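The values are calculated or read from the model by the stated rules, or taken from the named source; none is laboratory data. Computed from a prediction, not measured in an experiment: that's the story for all the values here. Cβ: placed from backbone, ideal geometry, glycine included. Neighbour counts: every protein chain shown. What goes into the accessible areas is simple: the full protein's heavy atoms, side chains included, and nothing from ligands, DNA or RNA. Shrake-Rupley method; radii C 1.70, N 1.55, O 1.52, S 1.80 Å.
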Amino acid sequence: MKRLVIPVLLTRLLAALGLAVGLGLGLVACGNMQTETPASQQGAQKAQPTVVVSPPAPQPDVSTRPAPSRDDRAKQEQPKPVASPAEARREQMADKRIAAAPVAAGMPSPYSTVMQQPVAEERERYGQINDNPVHLVAESPVSTFSIDVDTGSYSNMRRFLNQGRLPPADALRVEELINYFPYDYAQPTDGRPFAVHTELAPAPWNAQKLLLAIGIKGKDVAKQSLPAANLVFLVDVSGSMNSPDKLPLLKSSLKLLVNEMRAQDRISLVTYADGTGIVLPPTAGTDKATINAAIDALRAGGSTAGASGIQLAYSAAQQSFIKGGINRILLATDGDFNVGISDTRQLKSLIEEKRKSGISLSTLGFGTGNYNEAMMEQIADVGDGAYSYIDNLMEGHKVLVNEMTSTLATIAQDVKVQVEFNPATVQEYRLVGYENRILKREDFNNDKVDAGDIGAGHTVTALYEITLKGAPGLIDPLRYGVTAGASLETAKLGNELAHVKLRYKLPGESGSTLIDRVVSQDAQRDMAQASNEFRFATAVAGFGQLMRGGKYTGNWKFADARALAAASVGKDRFGYRGEFLRLVDLASSLSTRPMARKED
C-alpha cells in the first residue's frame, strides 16, 4: 500500500503545480491587457516624438498620424503572447511597478513621462534662412524691407545654449537677436508715433567697411493710459502640451498678465485639443480669481485641432469687440497641429482673412522636441502681431509684464523701410538680418502690401554693412559692363551716403505717411565714440552672424563680440545685457563642436 500511496501523492502534487502555473500565466496575460488598454485609449492623443538612435531608421511623420480606428484599437487591446516564463515574470514586475506608482488624476505616470522625454531637435521645424547677399550699388541701389519686432529667436537660442547645445543655424534670425534688447533711443518730439535715428561707424570685423544703423523708437504709453483691452487667450491643451515647459509654464505666464488687467479690460479663454471650446466667457480684468481658476483648471490631453481653435478665438473676439480698444488673440502653443488645417500656408491664408476684422493675433511659443517655430513666426507676421518664445517664467514676465504695452498696444502699422544708396559714394551694401522681411522696391509705396507693426515703446534696429567707393569690395566690376558716371545732380550730393525713408499707417487708417532722413559722410564716428546703443547692437549682430557661421565676419571671434558688448552694457535696467555676456561665454565654450545645420 505504501508503494502505491507515494505515486498518487506525487501525481496530485504535480497537477496542483500545473494549475498554479496556468493561473499565473493567465494573470500575466490579463496584466498585459490592463496595461495596454490605457495606451490604446491615448491613441487619439498627439503622438510623442521618439528618441532616435544614430544612425536613425526612417520614421513616419507622427505629427500627421491619424487617430487609430476602432479596428486598430481592438488589435491593440489584444493581450501579448508570453514568449517564456522569464519574460512573463519581467513583464509582471514592470506592471506592478507602474500600478504601484502614485499618479495624479489626469496625469501620465512617472514612468511614461520619463519614456516620452523628447530629443529636442528631432522634430523641431524651422524655416530656411539664406544670408542676405552683398549688392552692387551701381546695379541695385535700393533696399526695401518690413520692420520686425519679434524676439522669439533669441529666447529659443538661449534655451539651446542653456541645454549645452548650439542651435540650428536656421533657428537664428539675427534681427530678432538685435531687437530682443530695448535701446535708449530718444522719444519722438514731433507728434509722430515714433522717432527715427541713424548712426555710422566702422564695422569691427572689417575696418574697411562701415555700419549704418537705423533705429526706431515708438512713443511710450503708460499702462493705465492704454485703451480698454479685449483679450482672448487661445490655449493649446492637446496631449503634446503635457510637459513642465509647456502647459504648466504657459498657465503661470498667463496669470502674470492677468495680474496687470484693469476693470475696463475683458479676458476670454478658448481651448483646443480634439475639439474646441470657450471655457471662460468675457470676464472683467478685476475678477482675477475667476480668470485664474479657469487657467488653473486647464489639463492636457488629445490631438491638436489648431485651425478650429483659431476660428473659434476670432469668433469670440468679434463678439466682445471693443471699438477703439485693443482687440487681440494670444495663441499659446507648441505649434504642433495635427488635426484639420495644419499646413502653414493655409493657416496664413485663414489668419490673413481674419485680420481684416480689426483683431490681431500674437503667438507665444512653448516647449521643445516637437516645436514648430516656422509656423509660429509666420502666422504672427500675417496676424499683425508679434512672435515670442517663452523658455522660462522670467521671459513670460518680460513679454507679458515688462513689455505689456508694446505687446498689446499698436501705435503704427505696416511700417516699411527703404534705403537708397548713393552710387557716387557707396560701392556695395548688405542688410544684416531681415531675410524673410525683404520687400520689392514697388511695395514701399503700395499701401495694400502688409508689413510689420510697432507697439508702444518698441525699439527696432536695422544694420547695413556698406563699402565706400574706392574701398576693396567683394564684387568685381564687369569687364564688358557699362559703368555709368555720376550724373551732375548726383555729383551735387557727393557728401551723401544714403537716403533713408519710412512709411507707416496710424491704426485704423488706410493711407500711409512718409518720413525720410539723409545720411552723410560727416556723420561717421570711430567705434569708440559711437553710442552705447550702437556698439551693443553691433556686438549682438556680430555674435548672431558668428552663430550662423560667420560668412561675412572675417577673423572676428566670440571673444571680440563679448568685449564690445561688455564695454557698452550701459544702464541695463532688467539685466538682459548682462545675461547676453554669459550666453556668449556659453556659445564660445560650445563652438568647438560642429554647428547644427538644417539638412536640405
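So what's the net charge close to S146: Lys and Arg +1, Asp and Glu -1, counting the other residues with Cβ under 9 Å from its Cβ? Could the numbers behind the result be given before it?
Working: positive: K416, R437; negative: D148, D381, D414, D443, D450.
Local charge sum for S146: -3.
Note down the Stokes-Einstein diffusion coefficient of the stretch 143-253 in µm²/s, whole number, using a Kirkwood radius over alpha carbon pairs, 25 °C, and 0.890 mPa s.
134
Report the rotationally averaged projected area of the stretch 348-444 based on its alpha-carbon convex hull, in square nanometres.
Working: hull surface 36.6 nm².
Taking a quarter of the hull surface, the average projection is 9.2 nm².
Could you give the semi-axes, largest first, of the ellipsoid that matches the stretch 219-317, computed as the square roots of 5 times the alpha carbon gyration tensor eigenvalues and rounded to whole Å? All intermediate terms of the calculation are to be shown ahead of the outcome.
Working: eigenvalues 121, 45, 29 Å².
Rounded to whole Å, the semi-axes are 25, 15, 12.
Assuming R0 = 25 Å, what is the FRET efficiency of I475 and K440, from their Cβ-Cβ distance, to the nearest 0.05?
Values: r = 22 Å, r/R0 = 0.87.
My answer for the efficiency is 0.70.
Taking the mean number of other Cβ atoms within 10 Å as a proxy for protection, how do you rank 246-255, 137-146 from highest to lowest?
Working: 246-255: 20.7, 137-146: 18.8.
So the peptides 246-255, 137-146, ranked by packing, come out 246-255, 137-146.
Here are some pairs, K469/K557; K217/K348; K219/K557; K288/K348; K251/K551; K469/K571; which of them have Cα atoms lying more than 31 Å apart in this structure?
On the way: K469/K557 27 Å; K217/K348 29 Å; K219/K557 36 Å; K288/K348 33 Å; K251/K551 41 Å; K469/K571 37 Å.
With Cα atoms farther than 31 Å apart: K219/K557; K288/K348; K251/K551; K469/K571.
Would you please calculate the Kirkwood hydrodynamic radius of the stretch 260-375 over all C-alpha pairs and express it in Å, rounded to one decimal?
Details: mean 1/r = 0.0664 Å⁻¹.
For the stretch 260-375, inverting the mean 1/r across all distinct Cα pairs yields 15.1 Å.
Would you please report the Å³ per residue occupied by the convex hull of the alpha carbon atoms in the stretch 399-465?
On the way: hull volume 8.1 nm³, N = 67.
Per residue, the Cα convex hull of the stretch 399-465 comes to 121 Å³.
Please give the length that would be gained between Q346 and Q529 if that part of the chain were fully extended, namely 0.36 nm times their separation in residues minus their C-alpha to C-alpha distance (nm, one decimal). Don't jump to the answer; show the numbers that get you there.
Numbers: separation 183, 0.36 × 183 = 65.88 nm, distance 4.95 nm.
Full extension of this stretch gives 60.9 nm more.
As I understand it, the dipole of the stretch 148-188 uses +1 on the Cβ of Lys and Arg and -1 on the Cβ of Asp and Glu, about the Cα centre. Which of I178, N162, V149 lies farthest toward its positive end?
Result: N162.
At R517 and L590, where each label point lies 7 Å from the Cα along Cα→Cβ, what is the point-to-point distance in nanometres?
Result: 3.5 nm between the two label points.
Per residue, what accessible area does the stretch 519-558 have, given a 1.4 Å probe and all protein chains present, in Å²?
Working: 1660 Å² over 40 residues.
Accessible area per residue: 42 Å².
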